[in-house]
Amino acid sequence: MHSQRPTTHDSLDWAVNETAEPEPDPLWDAVESATLRRLDTLYAEAVALATDCMDALLQAREAHPYHARGSVGVRVRRSPSPRSAPGVFLIEWFRVRGQQRTDYIARGSGHRYARRTFGRLEPWEWALIETYEPRFAEIRLLLHQIGLLRRQARHLTVLLERRERSDSGLEFELQD
């Protein structure tokens, strides 16, 4: 006597279409939709902050003699990596090295640039960096947390899919 639920003995009768598109996952869709909206908001905030910062840096440069003009700037850009998740962006400081040539300043570990990573700075430059960098670091931290949330949601989705398949007679193993 067969139960209502198919067993492994009935697997030959199952209608399995391996070429079918996977069904949309409402959990993943909700997380992705919410994070993309938040990333758009953070991107707009970061661009506005970077614009304000660059305006302040340029005004301050004009007020100083040539030898004390400084050379630091900040930019916000979408991640150039094709493997990056949608909506991801970078906030990075750079040093101007000539006309249309800049060098990226490596941040190091953490979400905030340390004073030593900038090298030689004019005092007025450091004052402006100290005004804006804490807010940029806050946004970087939020970007990091959103990335963690996305990875956890993806991992959960995969585990749930495996579990659903195991309910259909396939073996379910937890893998870290």
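The values are calculated or read from the model by the stated rules, or taken from the named source; none is laboratory data. For clarity, every value in this text was computed on a predicted model and none was experimentally measured. Every residue, glycine as well, gets a Cβ built from its backbone with ideal geometry; the counts of neighbours run over all protein chains shown. Each accessible area value is taken on the protein alone, full model and side chains, heavy atoms only, with ligands, DNA and RNA left out. Shrake-Rupley method; radii C 1.70, N 1.55, O 1.52, S 1.80 Å.
Cα atoms only: what Rg and Dmax, in Å, come out for segment 47-87?
14.7, 44
Give the residue list of trypsin sites (Lys or Arg not before Pro) in segment 52-128 that are DSSP loop and have at most 14 other beta-carbon atoms within 10 angstrom. Can you show the working numbers first?
On the way: sites: Arg61, Arg69, Arg75, Arg77, Arg78, Arg83, Arg95, Arg97, Arg101, Arg107, Arg112, Arg115, Arg116, Arg120; in loops: Arg69, Arg83, Arg107, Arg112, Arg120.
Of the trypsin sites (Lys or Arg not before Pro), the ones in loops of segment 52-128 whose Cβ has at most 14 other Cβ atoms within 10 Å are Arg83, Arg120.
Accessible area per residue for segment 73-139 in Å², computed with a 1.4 Å probe and the full protein assembly in place, what is it?
Numbers: 4050 Å² over 67 residues.
With the other protein chains kept in place, segment 73-139 gives 60 Å² per residue.
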